[in-house]
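Trainee: Got a structure for you, questions after.
The values are calculated or read from the model by the stated rules, or taken from the named source; none is laboratory data. In this text, all values refer to a predicted model and were calculated from it rather than measured experimentally. Please note: Cβ atoms are built from the backbone with ideal geometry, for glycine as well, and neighbour counts cover all protein chains shown. These area figures cover heavy atoms from the full protein model, side chains too; ligands, DNA and RNA do not enter into them. Shrake-Rupley method; radii C 1.70, N 1.55, O 1.52, S 1.80 Å.
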Amino acid sequence: MIDTLDIKITQTATSRIDEVDFSNLSFGKTFSDHMFVADYEDGEWKNFQIVPYGDMSFSPAMSVLHYGQAFFEGLKAYKHADGSVALFRPYKNADRFNRSAVRLCSPELPRDIFVQSIAALVDLDKAWIPKSAGDSLYIRPFMFSTDPYLGVSPSKTYKFIVLTCPVGSYFSKPLNVKIETKYSRSSEGGFGFAKAAGNYAGSLLPAQEALKEGYDQLIWTDGKDHAYIEELGAANVIFVIDGVLVTPSTRDTILEGITRDTILTLARNWDMPVEERRVSVKEVIETLKEGKMTEAFGVGTAATITPIASISLNGEKYNLPEQGPADFSKKALKTLNEIRYGHTADKFDWNYTV
Ligand SMILES: *Cc1c(COP(=O)(O)O)cnc(C)c1O
């Protein structure tokens, strides 16, 4: 399946794999031996290459450094018990990458090139995929504008690069979070739905302030009135209220997470009622007060499911019950892991074998 894309492969002379302590991996610091690189020039994608991971040189006038045409994706590859390697729902990432591209006035990348470039890279560096339970290979595809030109206009040249990082199981203790009522991550008509680097730049200061106030993370609310819940940091947020899975419906201010879709699909398959709709701050606080909210958690590729221990609004803290194995979030995580590691039938066809 990967021979349709003509990739020039230059292998590293000396692998760095023996320098890596696979029992102690921290997220995003260890890079595998190779990276995929392609160029967009003269209106087309070209120069598909896999080269040793390493520094690159660029013009200081490069447009992305000034005007920020940059966006990315995040997905994972898992090693199955039978030794095969699978990417989890990569075409969903390909489609979202192109939605980001369109909004940031950048060229789309054909979805087969996106998936095949990743498959080829992961195949070459498959020795880097850790095998322990919970471990995986995190894949970071990204695109940025490269014209050495300070005029404000869409760049004519771009690079598409894919990096991979072995990552350990990401354990997070239940989070104490606050509902953000001053800053916003995105606004109507903006590009909150895109996985744009700029969305992250703007979220750093609010997150730092939340940390200083003693919270682990913040819940974003709508940019207009701070009356509706949007996301949990860089993850989507899901609540269980009166036995119903409730989550903010996606819109141009909310990133449409693939983990979100995966979890909602599992819930529907288990005949659990699911509501995708606007969720007001008022509803969250009232159902917490009345004890009707039994679970709240963030969902995203990096951490999969992150439980929330408490939610605060204007300094007033409301606790959630401690989660046990019978709770939805625990069951969903268990089932999702069984699918991702090939321990059970992949009935939704989510695994893409490399
Ligand atoms: C990446 C991301 C998510 C989670 O998306 P997944 O596809 O589940 O990884 C949610 N919110 C934001 C802002 C993100 O950048």
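Trainee: Name the residue, out of A345, A309, A332, A296, that is outside any strand (DSSP E or B) and assigned by TED's automatic domain parsing to the domain that holds S184. Step through it out loud before you land on a result.
Mentor: Details: A345 fails: assigned by TED's automatic domain parsing to the domain that holds S184; A309 fails: outside any strand (DSSP E or B); A296 fails: outside any strand (DSSP E or B).
Criteria check complete, one pass: A332.
Trainee: Looking at the range 225-239 only, could you name the residues that are among the aliphatic types (A, V, I, L, M) and closer than 14 Å to I311 by Cα? Reasoning before the result, please.
Mentor: Kept after step one, since they are among the aliphatic types (A, V, I, L, M), are these residues of the range 225-239: 227, 229, 232, 234-235, 237-238.
I229, L232, V237, I238 - these are the residues of the range 225-239 that are among the aliphatic types (A, V, I, L, M) and closer than 14 Å to I311 by Cα.
Trainee: Further question: Step by step: first the residues of the range 206-218, then only those that are of a type outside the set (D, E, K, R) and away from the ligand (no atom under 16 Å from the Cβ), then the one that is least open to solvent (accessible area, probe 1.4 Å). Which residue is that?
Mentor: Within the range 206-218, the subset of a type outside the set (D, E, K, R) is 206-208, 210-211, 214-215, 217-218.
Cutting the leftovers down to away from the ligand (no atom under 16 Å from the Cβ) gives us 208, 211, 214-215.
Details: Q208: 103, L211: 97, G214: 57, Y215: 40 Å².
Filtering the range 206-218 for residues that are of a type outside the set (D, E, K, R) and away from the ligand (no atom under 16 Å from the Cβ), the one least open to solvent (accessible area, probe 1.4 Å) comes out as Y215.
Trainee: Still on this structure: Give the residue, chosen from P141, P110, that is touching a Phe, Trp or Tyr at 6+ places or on another chain (Cβ under 8 Å) and under 18 Å from E44 (Cβ atoms).
Mentor: P110
Trainee: Right, here's the next one. Which ones in the range 162-196 are buried (at least 17 other Cβ atoms within 10 Å of the Cβ) and hydrophobic (A, V, I, L, M, F, W, C)?
Mentor: V162, L163, C165, V167, L175, V177, I179, F191, F193, A194, A196
Trainee: Then there is this: Are any of the residues in the range 134-141 modelled with pLDDT under 95 and more than 16 Å from the ligand (Cβ to nearest atom)?
Mentor: Looking through the range 134-141, at least one residue is modelled with pLDDT under 95 and more than 16 Å from the ligand (Cβ to nearest atom).
Trainee: Given (1) closer than 19 Å to D346 by Cβ; (2) over 14 Å from the mean Cα position of the chain (by Cα); (3) not in a strand (DSSP E or B), identify the lone condition not met by K92.
Mentor: Here K92 meets the rest and fails (2).
Trainee: Considering only residues that are more than 21 Å from A302 (Cβ to Cβ) and either charged (D, E, K, R) or touching a Lys or Arg at 6+ places or on another chain (Cβ under 8 Å) (or both), which ones fall in the range 108-125?
Mentor: E108, R111, D112, D123
Trainee: Of all residues in the range 138-180, which are under 30 Å from L320 (Cα atoms) and of a type outside the set (S, T, Y)?
Mentor: Residues satisfying the conditions are V167, G168, F171, K173, P174, L175, N176, V177, K178, I179, E180.
Trainee: Do the conditions hold for T294, that is, is it among the hydroxyl-bearing types (S, T, Y), modelled with pLDDT of 95 or more and open to solvent by less than 10 Å² (accessible area, probe 1.4 Å)?
Mentor: no
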